[in-house]
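Data block below; observations after.
Bear in mind that the values in this text are calculations on the coordinates, not laboratory data. Small disclaimer: the values here were computed from a predicted structure and weren't measured. Using ideal geometry, Cβ is built from the backbone for each residue, glycine included, and neighbour counts are taken over all protein chains shown.
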Amino acid sequence: MNNNGEKKSFEEHIGKKASWMQKWRKKGIFWETVIVVGAIGWMVALPMVIGGYLGNYLDKHTQVGAGGLSWTVTFIILGLFVAIYSVWRVFIYKK
């Protein structure tokens, strides 16, 4: 009799743990999505910000004639292309 009681208690305990894990797995999908979106955000923002700072530095330290090329805009666009390639390489092109 005591053995059956322990078995039933053990089954109830395992059932509670299993239901708890299923709830967290459903919530885990949300957090995984948040992490992926955050990673994409960093992968896009970081190259563009670095490009902007590098271009700004070059604009201040080089002489470009009136109406000439802006290094800041050039490096921001280059950073955007680097960002698009890195997001494509990591998340879309999975080999």
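Observations on the model:
- Test item: Cα-centred dipole of the chain, Lys/Arg +1 and Asp/Glu -1 on Cβ, debye: 480
- The angle between the Cα long axis of helix 71-87 and the main principal axis of the chain comes to about 30°, on a 0 to 90 degree scale.
- Separation in nanometres of the label points that stand 7 Å from Cα toward Cβ, at Trp42 and Glu12: 4.5
- Lysine pair count for the chain (Cα-Cα distance under 25 Å; residues 8 or more apart in sequence or on different chains): 11.
- Cβ crowding within 10 Å averaged over residues, with 13-22, 79-88, 47-56 ranked highest first: 47-56, 79-88, 13-22
- Here log10 I(q)/I(0) by the Debye sum over Cα atoms at q = 0.12, 0.19, 0.22 Å⁻¹ was computed from the coordinates, and among (i) -0.63, -0.92, -1.03; (ii) -0.33, -0.85, -1.15; (iii) -0.51, -0.88, -1.06 the match is (i).
- Using alpha-carbon coordinates, inclination of helix 2-61 to the longest axis of the chain, degrees: 0
- Ellipticity estimate at 222 nm from DSSP helix runs (n ≥ 4, -39,500 (n - 2.57)) divided over the chain, nearest 500: -30000 deg cm²/dmol
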